[in-house]
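Engineer: The structure under discussion is supplied below as structure tokens; questions concerning it will follow.
FYI, it's all coordinate maths here, none of it is from the lab. This structure is a prediction, so every number in the text was calculated from the model and none was measured. Positions of Cβ are generated from backbone atoms using ideal geometry, with glycine treated the same way; all protein chains shown enter the neighbour counts.
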Amino acid sequence: MRIYGIGNPLIDILAYIGEEDLEKLSLYKGTMHLIDRERHGAIIEYLKGKKLVYSPGGSCPNTMVTLRMLGVDTTLAGGVGSDELSAIYRDKLREVGVVDELITYDEPTGTSIILLTEDRERTMNTYLGANRCFSREDVNIDSLSKASLFYFTGYMWDTEAQKGAVSYALDYCRDHGIKVAFDVADPFAVGRYRQTFLRLIEDYCDIVFANSEEARYLFDNYDAYECCKSMSKLCPVAVVKNGKKGSYVANDRKIVQIPLHGSISPVDTTGAGDTYAAGFLYGIAKGYDTETCGCIASYLAGEIISNLGAQFSIQKASEISSRLKEQYS
């Protein structure tokens with residue numbers, strides 16, 4: 001099985017800060033803020049003197065990289081610049097074996113400044129850079145046609161060019177029987193595009209991921225179970241992640257609760273949702289039932305939040321892959 005993803009390749013810049021820093025920067029904790037080049041420079045200037053950790057990231061890319069490290073064939077499409085950061089990114093894809101279909105533009109490679117507070121919640125400040133240039137003309141239809149599943153996130157709706165690219169891919173998938181998985185990705189994105197997302201889910205999607213807050217915005221309901229029930233009426237497989245309470249997975253409207261796996265005292269929640277999606281899609285690729293997929297997803301998410309960063313090391317991924325084979329083969 002090959003999974004084709006269109007996403008935002010970003011270089012993550014991680015820093016630990018205090019609650020007072022968020023206030024001084026006028027940031028809403030736990031969400032993703034789209035920023036311009038000037039704001040990016042201002043935040044970096046504010047962080048002077050703090051330890052900064054750089055690593056390849058981005059929501060869809062995190063999922064594609066994790067899947068590949070677990071043995072699933074993946075392709076990543078998106079935009080990067082002709083700079084040192086793009087070289088770092090391409091090296092990462094080459095290292096793990098993700099098929100690189102990134103397009104180079106005359107713009108800086110995108111970055112996400114991820115601010116971690118003492119409660120291990122992350123607040124993201126994303127400068128899209130070259131990602132904003134990826135458009136319909138950049139979608140490699142020949143490559144997409146060889147995929148069994150297309151994966152994208154709600155972040156793609158923040159630029160007209162990217163929205164056009166994903167819409168083009170979605171129409172192709174619908175016309176050619178390629179399954180579609182969608183991660184809603186961010187509550188603010190839902191706030192901006194709620195009606196569009198509901199239409200996308202109903203018209204195109206086979207698998208949809210949302211956390212409880214995103215689901216609440218979608219369905220105007222604080223009950224994660226009820227949100228999963230509502231979403232299951234729109235698509236075959238609906239997943240609502242409910243934090244420390246685990247998650248709900250609906251398959252053809254039959255809902256099961258998946259227990260939380262891993263630490264309840266995370267080191268870093270960055271990439272938890274991306275890794276959950278990777279675990280679930282790994283199970284789909286292996287032909288497991290959706291409850292098993294949910295358990296694998298929960299296990300992987302529990303592992304990633306016990307480490308700093310949004311992607312596993314190759315050694316850690318190898319250990320996880322071995323455990324999965326032992327338990328589910």
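Engineer: By the gyration tensor of its Cα atoms, with a ≥ b ≥ c the square roots of the eigenvalues, what is the shape of the chain: rounded for a/c under 1.5, prolate for a/b over b/c, or oblate?
Structural biologist: Rounded is the answer for the chain, as its axis ratio a/c remains below 1.5.
Engineer: Continuing with this model, one more query. Given 0.36 nm per residue, what is the gain on full extension from GLN257 to ASP119 after removing their alpha carbon distance, in nm?
Structural biologist: 47.1 nm
Engineer: Okay, next question. How do TYR248, TYR54 rank when sorted from fewest to most other Cβ atoms within 10 Å of their own Cβ?
Structural biologist: TYR54, TYR248
Engineer: Can you give the log10 of the normalised intensity I(q)/I(0) at q = 0.13, 0.14, 0.16 Å⁻¹, computed with Debye over equal Cα scatterers of region 154-287?
Structural biologist: -0.54, -0.62, -0.82
Engineer: Please identify the helices of the chain, taking whole runs of DSSP H, that span at least 18 Å along their own axis as judged from the Cα atoms and have a mean Kyte-Doolittle score of -0.5 or higher.
Structural biologist: Result, helices passing both filters: 187-204, 272-285, 290-304.
Engineer: I would also like to ask the following. Length gain on complete extension for the stretch ASP100 to GLU20, per 0.36 nm per residue less the alpha carbon to alpha carbon distance?
Structural biologist: Full extension of this stretch gives 24.8 nm more.
Engineer: At R0 = 35 Å, how high is the FRET efficiency between ALA42 and ASP203 if r is their beta carbon distance? Nearest 0.05 is fine.
Structural biologist: Working from the Cβ atoms, E equals 0.30.
Engineer: So what are the radius of gyration and Dmax for the Cα set of region 161-238, in Å?
Structural biologist: Every Cα atom of region 161-238 included, Rg and Dmax give 12.3, 37 Å.
Engineer: Can you pull the one-decimal nm distance between simple spin-label points at TYR54 and ARG323, each 7 Å off the Cα toward Cβ?
Structural biologist: Rounded to a tenth, the inter-label distance reads 3.1 nm.
Engineer: Quick check: pseudo-label points 7 Å beyond the Cα along Cα→Cβ at ASP175 and SER306, how many nm apart are they?
Structural biologist: For ASP175 paired with SER306, the spin-label model returns 4.7 nm.
Engineer: Taking the Cα centre of region 1-60 as the origin and placing charges on Cβ (Lys, Arg +1; Asp, Glu -1), which of SER26, LEU52, GLY5 is farthest toward the positive end of the dipole?
Structural biologist: GLY5
Engineer: Enumerate the calculated ³J(HN,Hα) couplings along region 145-154 in order (Karplus 6.51 cos²θ - 1.76 cosθ + 1.60, θ = phi - 60°), each rounded to whole Hz, writing x wherever the residue is Gly or Pro.
Structural biologist: Residue by residue, region 145-154 yields 5, 8, 8, 8, 8, 10, 10, 8, 10, x Hz.
Engineer: If you don't mind, there's one more thing I want to ask. With runs of 4+ DSSP H residues as the only contributors, calculate the mean residue ellipticity of the chain at 222 nm using -39,500 (n - 2.57) per run, divided by the residue total and rounded to the nearest 500.
Structural biologist: -13000 deg cm²/dmol
Engineer: What's the whole-number percent of alpha carbon pairs in region 249-329 lying beyond 14 angstrom?
Structural biologist: 62
Engineer: What FRET efficiency would be calculated for the residue pair LYS316, TYR222, taking the C-beta separation as r and a Förster radius of 22 Å, to the nearest 0.05?
Structural biologist: 0.05
Engineer: Let me ask another. Rounded if a/c is under 1.5, else prolate if a/b beats b/c, else oblate: with a ≥ b ≥ c from the C-alpha gyration tensor eigenvalues square-rooted, which is region 1-48?
Structural biologist: prolate
Engineer: Here's something else I'd like to know. On a 24 Å Cα-Cα criterion, which of the cross-link pairs LYS24/LYS163; LYS179/LYS245; LYS29/LYS244; LYS24/LYS245; LYS146/LYS286; LYS50/LYS163 come out too long?
Structural biologist: Listed pairs above 24 Å: LYS24/LYS163; LYS179/LYS245; LYS24/LYS245; LYS50/LYS163.
Engineer: Something else about it: Which distance in Å, rounded to a whole number, links the C-alpha centroids of region 1-25 and region 58-115?
Structural biologist: 14
Engineer: Separate question: Stretch GLN195-MET1 to full length: gain in nm at 0.36 nm per residue minus the Cα-Cα span?
Structural biologist: Stretched out fully, the GLN195 to MET1 stretch lengthens by 66.7 nm.
Engineer: By the scheme Lys and Arg +1, Asp and Glu -1, what is the net charge of all other residues having a beta-carbon under 10 Å from that of LEU149?
Structural biologist: Net charge around LEU149: +1.
Engineer: How would you classify region 1-147 from its alpha-carbon gyration tensor, with a ≥ b ≥ c the square roots of the eigenvalues: rounded for a/c under 1.5, else prolate if a/b is greater than b/c, otherwise oblate?
Structural biologist: Because a/c hits 1.5 or more and a/b exceeds b/c, region 1-147 counts as prolate.
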